[in-house]
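Chemist: Here's a structure for you.
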Amino acid sequence: MSSVLYDAPGPRARRRNVLYTVVFLALLVLLGWWALGVLSDKGQLAWVKWSPFFTEAQAWTTYLLPGLANTLKAAALAVVIALPLGAVFGVARLSDHAWVRVPAGVVVEFFRAIPVLLLMVFANQLYSESTSVSTDSRPLYAVVTGLVLYNASVLAEVVRAGILALPRGQTEAAQAIGLRKGQTMASILLPQAVTIMLPALISQLVVIVKDTALGGAMLNFTDLLDARKTLAANYANVIPSFVIVAVVFIVLNLLLTTLASRLERRLRRSKRGTGAVLGAQAVGELNAGGEAPDTMMVPQIRVPGQGTAGKTP
Amino acid sequence: MFDFLEGYDVLGAFWTTVQLTFFAAIGSLIWGTILAGMRVSPVPLMRAFGTVYVNVFRNIPLTVIIVFTSLGLADVFGITLGVPDDFDALGFRLAVLGLILYTSTFVCESLRAGINTVPVGQAEAARALGLGFTQVLRLIVLPQAFRSVIGPLANVLIALTKNTTVAAAIGVGEAALLMKEMIENEAQLLLISLVFALGFVVLTLPTGLILGWLGKRLAVKR
């Protein structure tokens, strides 16, 4: 075992590493010991607090699964609505006409710079003041609206980056056979951009799933976090319920991340297509508002016959 | 037209937002750097800890983490962070703690990407001089890595600024909480929302522009 940063350890380094390991392990064990001590003092370790998750179906069927279903429903609705909207704005930002490009750019940058929570709170109040959406379904509407406004602008950037990632030859070939701009975009560039951006799209789903929890905390949206509250009120198991909810979120999001990176690798390897892929890591950069640094907009492009060339600078 | 602003401390709320951002940014930078150091260290246990930590905290919604600091850490574990009786100060500190726990994972991952941009020869040359792991990291690799990740770190900072609104979930009186209160009490939904939205645009836009410019200037030209 060695890396660029350190040599294969000799006897002294090996002794030192063992020492570090022991000290670090001791610290972790102390921390764990203290945490478990407090938890057992507070009775949070008692089996009755944990058993609902393992022995009774009720904890899941009454609380957690409906909560998770709502979380997933909001996330799915948000992505289904935001994607076409984002595609429109992404394409509009690439328009040749300044009167289309500039307003689209302003809208996208504006909604990307604003916290999702503000958008959700705004939508919630808007629906309560000027629509007849029932009180029960208002939180869902508000959460989805907030997520759509924010994520449509992020996805617009994803779409734009995806289209820009396509090799120039695609546009040139389309022009050579006499397609107009609109036709080039609709039948050549956009369909390919969708494939290119799939990994980025799936990692954006992680962000969306995490953001639904805002609705649970602030707008009484009955998502997984909100379900935890009712569950804990029923079984008095604050810590166990947090642990279980956290685990559910972690597993769900890790699955999405794994799917995204698998897909990315597959698309990079694929013989068909242009080999351009908008990597999952691009999403992290796009989620910050304001101007994205140019370096991050440069996609990783595989030049056929040269292996994976062009690492992001 | 803007008389609805009277009676509300909008600037004060944004000042809380700025303070949350500031303290959480400092804390995340420190903790994130330590995590990155762990993730590339020669000690397997530390590497494993770093990996598990990053994958766990990055995938839990920030809202869950912050609500947990209040209901779990403060109520159950009795962690009062030096202010046992002051509800407002406690909420603020817990929110900063939650933001650090979450944001440091992104700092760590950015730094790790930065470490990868440093040419292998640099580290090899340093090792050839007889420098140990900590020396290589501290003197040769990290200074160059930091300079190349100013752009990505600026994005983390912007995301952090926006994420401070989540502190509203445990009652910290920052911008999002005040906006919620104001639009419920005043009949000026659009104007109030616009004021708060512009507040965040003002906070985040210069950050991105200045740090983006600085990042380009300071990046090691290769």
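Chemist: Would you confirm, using the coordinates I've provided, whether B:ARG47 is surrounded by fewer than 21 Cβ atoms within 10 Å (Cβ to Cβ) and touching a residue at least 40 places away in the same chain (Cβ under 8 Å)? Can you show your working first?
Modeler: Numbers: surrounded by fewer than 21 Cβ atoms within 10 Å (Cβ to Cβ): yes; touching a residue at least 40 places away in the same chain (Cβ under 8 Å): no.
Spelling it out, it is not the case that B:ARG47 is surrounded by fewer than 21 Cβ atoms within 10 Å (Cβ to Cβ) and touching a residue at least 40 places away in the same chain (Cβ under 8 Å).
Chemist: Next question, about the same structure. Do the conditions hold for B:SER148, that is, is it touching a Leu at 6+ places or on another chain (Cβ under 7 Å) and among the small types (Gly, Ala, Ser)? Walk me through it before giving the result.
Modeler: Details: touching a Leu at 6+ places or on another chain (Cβ under 7 Å): no; among the small types (Gly, Ala, Ser): yes.
It is false that B:SER148 is touching a Leu at 6+ places or on another chain (Cβ under 7 Å) and among the small types (Gly, Ala, Ser).
Chemist: Which residue, of B:VAL76, B:VAL40, B:VAL54, is within 17 Å of the chain's Cα centre (by Cα) and not hydroxyl-bearing (Ser, Thr, Tyr)? Walk me through how you get there before you give the answer.
Modeler: On the way: B:VAL76 fails: within 17 Å of the chain's Cα centre (by Cα); B:VAL40 fails: within 17 Å of the chain's Cα centre (by Cα).
Just one listed residue meets the conditions, B:VAL54.
Chemist: Something else about it: Search segment B:82-104 for residues that are among the basic types (Lys, Arg) and pair each with any residue that is in a loop (DSSP other than H, G, I, E, B) when their beta-carbon atoms are under 9 Å apart and the residues are at least 6 apart or on different chains.
Modeler: B:ARG93/B:THR80; B:ARG93/B:LEU81; B:ARG93/B:GLY82; B:ARG93/B:VAL83
Chemist: If you go through segment B:144-172, how many residues are closer than 16 Å to B:LEU99 by Cβ and not in a helix (DSSP H, G or I)? Walk me through it before giving the result.
Modeler: Within segment B:144-172, the subset closer than 16 Å to B:LEU99 by Cβ is B:153, B:155-172.
Within this subset, residues satisfying the condition of being not in a helix (DSSP H, G or I) are B:171-172.
Total meeting the criteria: 2.
Chemist: Here's a follow-up. Mind listing whichever residues of segment B:116-139 are aliphatic (A, V, I, L, M) and surrounded by 13 or more Cβ atoms within 10 Å (Cβ to Cβ)? Please lay out each step first, then the result.
Modeler: Initially, segment B:116-139 is screened for residues aliphatic (A, V, I, L, M), giving B:118, B:120, B:123, B:125-126, B:128-129, B:131, B:136-137, B:139.
Within segment B:116-139, B:VAL118, B:ALA123, B:ALA125, B:ALA126, B:LEU131, B:VAL136, B:LEU137 meet the criteria.
Chemist: Against the definition (touching a helix residue (DSSP H, G or I) at 6+ places or on another chain (Cβ under 9 Å), outside any loop (DSSP other than H, G, I, E, B), more than 9 Å from chain A (Cβ to nearest Cβ) and over 22 Å from A:GLY216 (Cα atoms)), how does B:LEU214 come out, yes or no? Give the derivation first.
Modeler: Numbers: touching a helix residue (DSSP H, G or I) at 6+ places or on another chain (Cβ under 9 Å): yes; outside any loop (DSSP other than H, G, I, E, B): yes; more than 9 Å from chain A (Cβ to nearest Cβ): yes; over 22 Å from A:GLY216 (Cα atoms): yes.
It is true that B:LEU214 is touching a helix residue (DSSP H, G or I) at 6+ places or on another chain (Cβ under 9 Å), outside any loop (DSSP other than H, G, I, E, B), more than 9 Å from chain A (Cβ to nearest Cβ) and over 22 Å from A:GLY216 (Cα atoms).
Chemist: Does A:GLY169 qualify as being loosely packed, with under 15 Cβ neighbours inside 10 Å and away from chain B (no Cβ under 13 Å)? Before you say what the answer is, go through the steps one by one.
Modeler: On the way: loosely packed, with under 15 Cβ neighbours inside 10 Å: yes; away from chain B (no Cβ under 13 Å): yes.
The answer is yes for A:GLY169.
Chemist: Taking segment B:180-194 as the search range and keeping residues that are surrounded by fewer than 19 Cβ atoms within 10 Å (Cβ to Cβ), more than 7 Å from every other protein chain (Cβ to nearest Cβ) and aliphatic (A, V, I, L, M), which one is farthest from B:ALA159 (Cα to Cα)?
Modeler: Per the criteria, the residue is B:ALA187.
Chemist: I've got another one for you. So which of B:ILE158, B:ILE170 is under 18 Å from B:LEU29 (Cβ atoms), in contact (Cβ under 8 Å) with a residue 24 or more places away in the chain and not basic (Lys, Arg)?
Modeler: Details: B:ILE170 fails: under 18 Å from B:LEU29 (Cβ atoms).
Within the list B:ILE158, B:ILE170, the selection yields B:ILE158.
Chemist: Which residue is modelled with the lowest pLDDT, if the candidates are limited to segment B:169-179 and must be surrounded by fewer than 23 Cβ atoms within 10 Å (Cβ to Cβ) and at negative phi? Full working, then the answer.
Modeler: Here is the first cut: in segment B:169-179, the ones surrounded by fewer than 23 Cβ atoms within 10 Å (Cβ to Cβ) are B:170-171, B:173, B:177-178.
Those left that are additionally at negative phi: B:170, B:173, B:177-178.
Numbers: B:ILE170: 93, B:GLY173: 89, B:LEU177: 92, B:LEU178: 93.
Ranking the candidates gives B:GLY173 first.
Chemist: Now a separate question. Could you grab me the full set of residues in segment A:184-194 that are more than 22 Å from A:ASN287 (Cβ to Cβ) and either loosely packed, with under 13 Cβ neighbours inside 10 Å or in contact (Cβ under 8 Å) with a residue 24 or more places away in the chain (or both)? Give the steps one after another, and end with the answer.
Modeler: Kept after step one, since they are more than 22 Å from A:ASN287 (Cβ to Cβ), are these residues of segment A:184-194: A:184-192.
Matches in segment A:184-194: A:MET185, A:SER187, A:LEU189, A:LEU190, A:PRO191, A:GLN192.
Chemist: Of everything in segment A:94-115, what is among the charged types (D, E, K, R) and farther than 23 Å from B:ALA159 by Cα? Give them in sequence order.
Modeler: Selection gives A:ASP96, A:ARG101.
Chemist: If you don't mind, there's one more thing I want to ask. Looking for whichever is more than 14 Å from chain B (Cβ to nearest Cβ) and modelled with pLDDT of 90 or more here; the options are A:ARG228, A:ARG269, A:ARG262. Which one fits? Explain how you work it out, then say what you get.
Modeler: Details: A:ARG228 fails: more than 14 Å from chain B (Cβ to nearest Cβ); A:ARG269 fails: modelled with pLDDT of 90 or more.
Exactly one of A:ARG228, A:ARG269, A:ARG262 is more than 14 Å from chain B (Cβ to nearest Cβ) and modelled with pLDDT of 90 or more, namely A:ARG262.
Chemist: Condition test on B:GLY208, is it modelled with pLDDT under 90, at negative phi and crowded, with 22+ Cβ neighbours inside 10 Å?
Modeler: Values: modelled with pLDDT under 90: yes; at negative phi: yes; crowded, with 22+ Cβ neighbours inside 10 Å: yes.
Answer is yes for this residue.
Chemist: Evaluate the following for A:GLU172: is it of a type in the set (Asp, Glu) and within 26 Å of A:ALA74 (Cβ to Cβ)? If you could, list the steps in order and put the result at the bottom.
Modeler: Numbers: of a type in the set (Asp, Glu): yes; within 26 Å of A:ALA74 (Cβ to Cβ): no.
The answer is no for A:GLU172.
The values are calculated or read from the model by the stated rules, or taken from the named source; none is laboratory data. The structure displayed is predicted, hence computed values, not measured ones. Neighbour counts are summed over all protein chains in view; Cβ atoms, including those assigned to glycine, are modelled from backbone coordinates with ideal geometry.
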